[in-house]
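See structure below.
The values are calculated or read from the model by the stated rules, or taken from the named source; none is laboratory data. All values reported here derive from a predicted model rather than from experimental measurement. Virtual Cβ from ideal backbone geometry, glycine too; neighbours counted across all protein chains shown. Note: areas computed on protein heavy atoms with side chains; ligands, DNA, RNA excluded. Shrake-Rupley method; radii C 1.70, N 1.55, O 1.52, S 1.80 Å.
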Amino acid sequence: MPICILSRVWNCKSNIHEELQFQDGEVDAEELQRCLTQSGISGTYSPFSLETCRIMISMLDRHNTGKMGYNEFKELWAALSAWKHNFMLVDQDRSGTVEFHVLTQVIVAMGYRLSPQTLIAIVKRYSKNGRIFFDDYVACCVKLRALTDFFRRRDSMQQGIVNLVYDDFLQCTMAI
């Protein structure tokens, strides 16, 4: 039985979240993967991996259920649409990949102020043979956003410094 139902044929410019119905009110990572594949959000790029879908849910899972409701899905859809738009701007040959140095430029353009060492670590994590695939690009964007949100919630003075207990750190990093 399909988890998500498209109520009518739609094109890429329509708002799928208005047409998508979750049968039980929430989706897990496997259901999200099927929904996103059916939606065509990845376009000509490869569908999202299960791991990327897991971290997408984790980014927005405010109740720690491992699932995503309708409002969270709408928020994810908006983020995915923006990330896809940005990726397509730099994927000029439409290969579904971008060169590693482009990822660092995109991260900086998104407003992140990261050290060169951090940018190198991100590129090493997400590149395959010097190229970044769309799925990995989205996974990187999700992790950057989720970890930044986690940090900001704990940086009440907005000074770029937080004190974490080890357990809090592990909960955040292992969930994403």
field: Computed [θ] at 222 nm, helices only, for the chain once each DSSP H run of length n ≥ 4 contributes -39500 (n - 2.57)
entry: -17500 deg cm²/dmol
- line: the chain accessible area per residue, 1.4 Å probe, protein heavy atoms, integer Å², reads 59 Å²
- request: Using a 1.4 angstrom probe on heavy atoms only, work out the carbon and sulfur share of the accessible area of the chain in %.
  value: 53 percent
query: At a probe radius of 1.4 Å, what is the per-residue accessible area of Thr65, in Å² to the nearest 10?
result: 80 Å²
- request: Determine the gain in length on full extension of the stretch Gln105-Asn129; use 0.36 nm per residue of separation and subtract their C-alpha separation, reporting nm with one decimal.
  value: 6.8 nm
Top of Asn86, Asn163, Asn71 by mean-square fluctuation, Gaussian network on the chain, Cα under 10 Å: Asn163
message: I'm spelling it out carefully: the read-out is Rg/Rh (Cα atoms, Kirkwood Rh), the candidates are (1) 0.97; (2) 0.95; (3) 1.00, and one was derived from this structure. Which label?
response: (1)
- prompt: Of Ser42, Ser95, Ser127, which has the largest mean-square fluctuation in a 10 Å C-alpha GNM of the chain?
  reply: Ser95
message: Please check: in the Gaussian network model of the chain (C-alpha springs, under 10 Å), which one of Leu119, Leu32, Leu80 has the largest mean-square fluctuation.
response: Leu119
message: Sequence gap of 8 or more, or different chains, plus Cα separation below 25 Å: how many lysine pairs satisfy both in the chain?
response: 11
task: Only residues of segment 134-176 count here: report those whose backbone N is under 20 Å from the spot 7 Å along Cα→Cβ of His63, or say none.
output: 175-176
